[in-house]
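Below you will find the structure I want to go over with you.
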């Protein structure tokens with residue numbers, strides 16, 4: 001082992017000792033997995049500059065395995081996440097908010113992963129007052145199960161209700177945890193977020209001593225399989241991020257599938273984005289479905305997904321999956337619902353099939369980390385942030401700027417009434 005490698009190993013061991021949050025230390029007392037707050041990942045990307053961490057949606061176990069292997073090979077910190085629609089109480093995946101940390105920890109130990117990993121509860125959706133009450137109970141259970149970062153997504157609500165719901169739920173999120181907020185539902189070219197809306201949300205949170213690590217926008221992209229390649233509006237994203245700069249909040253980019261590599265490189269280089277979600281592309285790649293340069297699944301002349309015989313699941317299992325979807329009337333984006341009924345079938349395939357599924361995901365994620373998002377070799381920056389803080393808790397990046405008296409509930413509602421917002425079309429825009 002070279003002196004550089006020995007030094008990196010010493011830093012890893014020190015970070016392992018002090019950098020794991022209390023819930024992780026309690027759940028996995030003998031673990032050698034460096035599971036950290038999402039704040040650690042954001043700080044590493046910020047320190048490197050022009051770099052974005054992959055947030056891989058682990059819709060099946062083999063996707064998680066492949067993403068972790070890619071991060072280790074690239075020496076890059078990574079976020080493993082699952083959204084409420086994917087892994088909440090009414091989920092379409094077997095991976096969920098309450099078992100994802102256990103899977104990550106087990107895999108890190110099995111595979112010898114030595115890069116920092118955050119476990120993120122993505123898109124914890126709040127759509128009404130009942131959801132807020134449920135969240136008061138549910139959010140603590142998720143942290144009890146090993147979540148280290150969360151996105152409270154009340155973007156479906158009017159601006160004042162979004163802000164008020166976020167304020168109401170903040171006491172249930174540990175102060176050391178990574179925290180993401182959202183303005184504007186992710187629904188493509190409709191309902192685009194504005195500078196005014198983003199400022200309203202961040203300023204209101206700031207007045208209540210809430211300092212998000214990330215803000216997600218509707219900046220022109222969508223979740224799932226894309227119908228067009230209009231994609232992310234880089235200039236809009238940069239404009240909003242610049243307007244928020246004094247509040248020290250980074251950007252979270254959702255819906256990266258459907259955007260070419262050059263546009264994603266621009267997001268890394270020209271905006272304050274430090275987190276990028278990758279979901280549908282990883283699911284499809286793990287199954288062996290062909291994807292194009294934009295990460296979209298290829299379709300044949302009959303509109304069916306093109307499955308490669310030498311990749312992903314066995315052809316026989318794929319035929320079963322297609323038949324199941326056909327029987328249910330599922331097409332296109334509805335194929336995501338196959339995750340739950342077929343998880344055990346995926347895991348019961350021969351070893352060589354499981355390994356090729358894992359390796360296909362690893363290859364794709366590695367390319368994104370090293371060739372698109374400029375995150376290669378950022379792991380030492382993440383462990384360095386822990387060592388510099390001397391703790392798992394890095395504290396907030398920002399500080400209070402806004403006057404709390406100007407952000408009472410009454411004033412919040414008054415301010416929101418002056419905002420102009422294009423809600424966009426109604427519909428199912430979940431992950």
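Coordinate-derived values only; no laboratory data. Treat the numbers as computed from the prediction; the structure is a model and nothing was measured. Backbone-built Cβ (ideal geometry, glycine too); neighbour counts: all protein chains shown.
When the chain is fully extended, how far beyond the present Cα-Cα distance does residue 391 get from residue 298, taking 0.36 nm per residue of separation? Each step should come with its number before you reach the end.
Numbers: separation 93, 0.36 × 93 = 33.48 nm, distance 4.61 nm.
Fully extending the segment from residue 391 to residue 298 adds 28.9 nm.
Can you work out D for the range 1-136 in µm² s⁻¹ from Stokes-Einstein, where Rh is the Kirkwood radius over C-alpha pairs, the temperature is 25 °C and the viscosity is 0.890 mPa s?
Working: Rh = 15.8 Å.
Using the Kirkwood radius from Cα pairs, D works out to 155 µm²/s.
What FRET efficiency comes out for residue 323 versus residue 377 if R0 is 51 angstrom and r is the Cβ-Cβ distance? Round to the nearest 0.05.
0.70
Which translational diffusion coefficient, to the nearest whole µm²/s, is obtained for the range 102-216 from the Stokes-Einstein equation, given a Kirkwood hydrodynamic radius over C-alpha pairs, 37 °C and 0.692 mPa s? Spell out each step's value before the answer.
Values: Rh = 15.1 Å.
My calculation gives 217 µm²/s for D.
Give me the orientation-averaged projected area of the Cα convex hull of the range 272-427, in nm², one decimal. Provide the component values of the computation, followed by the final result.
On the way: hull surface 63.6 nm².
Average of the hull's projected areas for the range 272-427 equals 15.9 nm².
Could I ask something else about it? Going by how many other Cβ atoms sit within 10 Å of their own, how do 273, 314, 237 line up, fewest first?
314, 237, 273
Still on this structure, I have one more. What number, in nm² with one decimal, is the all-direction average of the projected area of the convex hull of the alpha-carbon atoms of the range 230-314? Before the final figure, lay out each step's value.
On the way: hull surface 25.8 nm².
Average of the hull's projected areas for the range 230-314 equals 6.4 nm².
For q = 0.20, 0.25, 0.26 Å⁻¹, what log10 I(q)/I(0) does the range 269-346 give under the Debye formula with an equal point scatterer on each alpha carbon and no solvent?
Debye curve over Cα of the range 269-346, log10 I(q)/I(0) at q = 0.20, 0.25, 0.26 Å⁻¹: -0.89, -1.36, -1.47.
I've got another one for you. Applying a 10 Å radius around every beta-carbon, put 156-166, 317-327 in order of their mean neighbour count, most first. Spell out each step's value before the answer.
Details: 156-166: 21.8, 317-327: 14.8.
In descending order of packing, they fall as 156-166, 317-327.
Follow-up question, since we're still on this one. When the Cα centres of the range 130-159 and the range 236-253 are compared, how far apart do they sit, in Å?
So the separation of the two Cα centres works out to 23 Å.
Right, next: For the range 45-86, count the residues as N, evaluate 2.2 N^0.38 Å, and divide the Cα radius of gyration by that value, please.
Rg over 2.2 N^0.38 Å, computed on Cα atoms: 1.26.
Which ordering of 328, 337, 275 is given by a fewest-first count of other beta-carbon atoms within 10 Å?
Working: 328 12, 337 16, 275 30.
With the fewest neighbours first, 328, 337, 275 line up as 328, 337, 275.
Where does the Debye-calculated log10 I(q)/I(0) of the range 3-71 sit at q = 0.20 Å⁻¹, using only Cα point scatterers of equal weight, no solvent?
Summing over Cα pairs of the range 3-71 leads to -1.13.
Give me 208, 72, 120, 254 ranked fewest to most by other Cβ atoms within 10 Å of their Cβ, as a rough exposure proxy.
Numbers: 208 17, 72 20, 120 30, 254 27.
Ranked by crowding around the Cβ, least crowded first: 208, 72, 254, 120.
For the chain, report the % of Cα-Cα distances exceeding 27 Å. Could the numbers behind the result be given before it?
Numbers: 44767 of 92665 pairs.
That tail contains 48 percent of the Cα-Cα pairs.
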